[in-house]
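Below: the structure, in structure tokens.
The values are calculated or read from the model by the stated rules, or taken from the named source; none is laboratory data. All values derive from a computational prediction rather than experimental measurement. We place every Cβ from the backbone using ideal geometry, glycine too, and count neighbours over all the protein chains shown.
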Amino acid sequence: MNGRLKRYKLVIAIGIGFLFGLLIGYAFMVGIPSAEQRAPYIAWFKAIGDIFVRLVKMIIPVIIFFTIASAVASIRNAKVLGKILVWILVIYIITSIIGATWGLIGGLVFKPGAGVNLTPPSDYTAPTPMKGPEILLSFFKSDFSQLLTAKGAMTMIIFAILFGVAVTLVGDRGRKIADGLKLISDILIKIVRIIMWYAPIALFGYGVWLMATYGPKILGAYGKFLGADYLMTFIHFFLVYSIVVLLGGLSPLKFFKEQAEPFIIAYSTRSSAVNLPFNMAAAKRMGVPDEVFGITVPIGATVNMDGTALYQVMSALFIAQLFNIHLGPSAYGLLIFSALVGSVATAAIPSGGTIMLAFVLSVVGLPLEGIAIMMAVDPIADALRTAVNASGDNACSVLITRLIGMKLRKGPVTEEAEL
Ligand code: ASP
């Protein structure tokens, strides 16, 4: 099979599965007009998709540990590691603030919530949001078993970095362990690739569920929000990442070409964590050195979410407009800052950003009922923001390569060398 076609085989299968699902979902809507009568059937289709998400969630903590620990252990030079970590902090913060600012501009210019009258479902109970110090402490779990959950991802990153550093500190005796970590991380990535072959079926299930559950609403009242959200997110994607990769010395055309596959996988799976192996393979094709993307991409998948920051600010404005709450300019700065923190704390799983929206809303004092309202459009909004979250990790990896004084590798990557 032609090489390119082979690479896109999975993406095409996912696309067909999803479209077919939407079609069957539409047939359900027409065939069983009552949403209540449809619901028991549709629940089965959602379960088909949920199986996939569960398989993936199962493997996320181990992938985070092994990819990061093996990348850190492979760096013999502590200075390089230090530089990468410092630049990660700087670049990820800057791009996320830019993302959040697009959200602010979009919300103020398009006013998607003005004139839309939505009421939250009666059975909805708002989650209790975390406060400042609580958010900070939530990054540091004390119980190891919590590291194995999506919420413990940040602590898992810290543990993985410490582990990798310690492996290098024991000197030659650590060599075997470093090789072992690399081997296991390659095997885990293969497991994700195997699980991904179930994705077209899962997406079929989600397609049916999405259309049969939200179809009419999404086309109507929420359309304006989604339109504004998609427009601003695409502006961030094309404009900001072109500049970022240009600064890193890579042609934007090459970036967008190589990023196409992980973009679509992230779009359809709605999880930066699931997309991790695909994003790393793309970073490699862009020429980012292994020791750089081995650290920047897995950490980025967990903490760097420009699309989510953008969405959280725009949703907050949307909710304020829906409830006719006036937010002054002083609230705007707070909104951007809270979305920066909120996006870092967001788990790289479907709808993680909407759950964390509770924090952003509470910081600026907006009603938490907004979460229920956003949940209705989340499957669609989440898809694009996840794709952009993942793309941001790779764009930043290109730039970080240059900033730490390394060069992008030129020339094609052999099939063998692909992850
Ligand atoms: N689904 C997103 C991701 O994995 C997180 C979010 O919901 O914003 O990147």
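If only residues of the stretch 273-295 that are of a type in the set (A, V, I, L, M) and not in a helix (DSSP H, G or I) are counted, the one that is nearest to the ligand (Cβ to nearest atom) is A273. Scanning the stretch 68-91 for residues that are over 12 Å from F163 (Cβ atoms) and assigned to a helix (DSSP H, G or I) yields a total of 15. There is at least one residue in the stretch 400-407 that is at positive phi and either more than 11 Å from the ligand (Cβ to nearest atom) or in a helix (DSSP H, G or I) (or both). Looking only at residues of the stretch 241-272 that are of a type in the set (V, I, T) and within 16 Å of the ligand (Cβ to nearest atom), we find that the one that is farthest from A395 (Cα to Cα) is T269.
Residues checked against (1) crowded, with 16+ Cβ neighbours inside 10 Å; (2) at pLDDT 85 or above:
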{"position": "M1", "(1), (2)": "no, no"}
{"position": "L10", "(1), (2)": "yes, no"}
{"position": "G17", "(1), (2)": "yes, yes"}
{"position": "E36", "(1), (2)": "no, yes"}
{"position": "A39", "(1), (2)": "no, yes"}
{"position": "T67", "(1), (2)": "yes, no"}
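Filtering Q312, Q321 for residues that are touching a Pro at 6+ places or on another chain (Cβ under 9 Å) and either assigned to a helix (DSSP H, G or I) or within 15 Å of the ligand (Cβ to nearest atom) (or both) leaves a single hit, Q321. Residues in the stretch 94-116 that are among the aromatic types (F, W, Y) and within 24 Å of the chain's Cα centre (by Cα): W102 alone. The set of residues in the stretch 296-309 that are of a type outside the set (S, T, Y), within 11 Å of the ligand (Cβ to nearest atom), assigned to a helix (DSSP H, G or I) and under 29 Å from V165 (Cα atoms) comprises G300, A301, V303, D306. Can you pull out the residues in the stretch 201-260 that are charged (D, E, K, R) and surrounded by fewer than 22 Cβ atoms within 10 Å (Cβ to Cβ)? Across the stretch 201-260, the qualifying residues are K217, K224, K254, K257, E258.
Residue check: is S145 touching a residue at least 40 places away in the same chain (Cβ under 8 Å) and among the hydroxyl-bearing types (S, T, Y)? It is false that S145 is touching a residue at least 40 places away in the same chain (Cβ under 8 Å) and among the hydroxyl-bearing types (S, T, Y). Restricting the first member to the stretch 344-368 and to residues that are touching a residue at least 24 places away in the same chain (Cβ under 8 Å) and assigned to a helix (DSSP H, G or I), and the second to residues that are within 6 Å of the ligand (Cβ to nearest atom) and of a type in the set (A, V, I, L, M, F, W, C), the beta-carbon pairs closer than 8 Å and six or more apart or on different chains are V344/M305; G353/M305.
Here's the yes/no breakdown for (1) part of a helix (DSSP H, G or I); (2) β-branched (V, I, T); (3) out of contact with any Leu (no Cβ under 9 Å at 6 or more places or on another chain); (4) closer than 19 Å to N77 by Cα:
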site	(1), (2), (3), (4)
L137	yes, no, yes, no
F140	no, no, yes, no
M156	yes, no, no, no
D172	yes, no, yes, yes
A178	yes, no, yes, yes
